[in-house]
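Working notes for the structure below.
The values are calculated or read from the model by the stated rules, or taken from the named source; none is laboratory data. Keep in mind the model is a prediction, meaning the values are calculated, not measured. Note that each Cβ is placed from the backbone with ideal geometry, even for glycine, and that neighbours are counted across all protein chains shown.
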């Protein structure tokens, strides 16, 4: 799921598929939260492609946080590229480690006029005091998948974990039936199919 760098595929000597979590995460925001007037935000220049996919699903504008790292695990926001004023911001990333980038970015978005800030990521590392930092931040909710299972004692009401099980199950069925798995990622999941 969401390899941090595409080059990682070259380290395997068997065929692999890099599954994107964007449709699963977008499905949650679209059908569970039913958010309107959103802007999708990339927390840095490196995540723009990922955020653009998310923005396309929502037909929403894109903003980018221009940040600098003066030292490891420390981020400083220089600028926000794009209009976030009066909008609900959804920050999209692949990994949340210490939460530093997320929290600094969320604060900058609120200061730039965003009404609320949500965040989502595929992999929830949550090292050090990440959960406590998220808990005391301006972020409304952080949505992650269960590629890394969170211990029950580290949960927060601000953190929602979605299962990748149904996606993996559907992928296995497609492989067994010799059907392409790419179509699983070109649609918003079961809600759209059941309407």
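Condition check ((1) surrounded by fewer than 12 Cβ atoms within 10 Å (Cβ to Cβ); (2) assigned to a loop (DSSP other than H, G, I, E, B)) across all residues:
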site	(1), (2)
1	no, yes
4	yes, yes
10	yes, no
29	no, no
48	no, no
51	no, no
56	no, no
66	no, no
*Looking at the range 33-49, which of its residues are out of contact with any helix residue (DSSP H, G or I) (no Cβ under 7 Å at 6 or more places or on another chain) and more than 15 Å from residue 80 (Cβ to Cβ)?*
33, 34, 36, 37, 46, 49
*Do you know which of the residues in the range 167-186 that are under 18 Å from residue 2 (Cβ atoms) and assigned to a loop (DSSP other than H, G, I, E, B) is modelled with the highest pLDDT?*
181
*Evaluation of residue 137 against (1) outside any loop (DSSP other than H, G, I, E, B); (2) out of contact with any strand residue (DSSP E or B) (no Cβ under 7 Å at 6 or more places or on another chain); (3) crowded, with 19+ Cβ neighbours inside 10 Å (one fails), failing number*: (1)
*Kindly provide the set of residues from the range 32-43 that are modelled with pLDDT of 90 or more and outside any strand (DSSP E or B), ordered by number.*
32, 33, 35, 36, 37, 43
_Quick check on residue 79: is it free of Cβ contacts under 8 Å to residues at least 40 places away in the same chain, surrounded by fewer than 12 Cβ atoms within 10 Å (Cβ to Cβ) and either in contact with a helix residue (DSSP H, G or I) (Cβ under 7 Å, 6 or more places away or on another chain) or not in a strand (DSSP E or B) (or both)?_
no
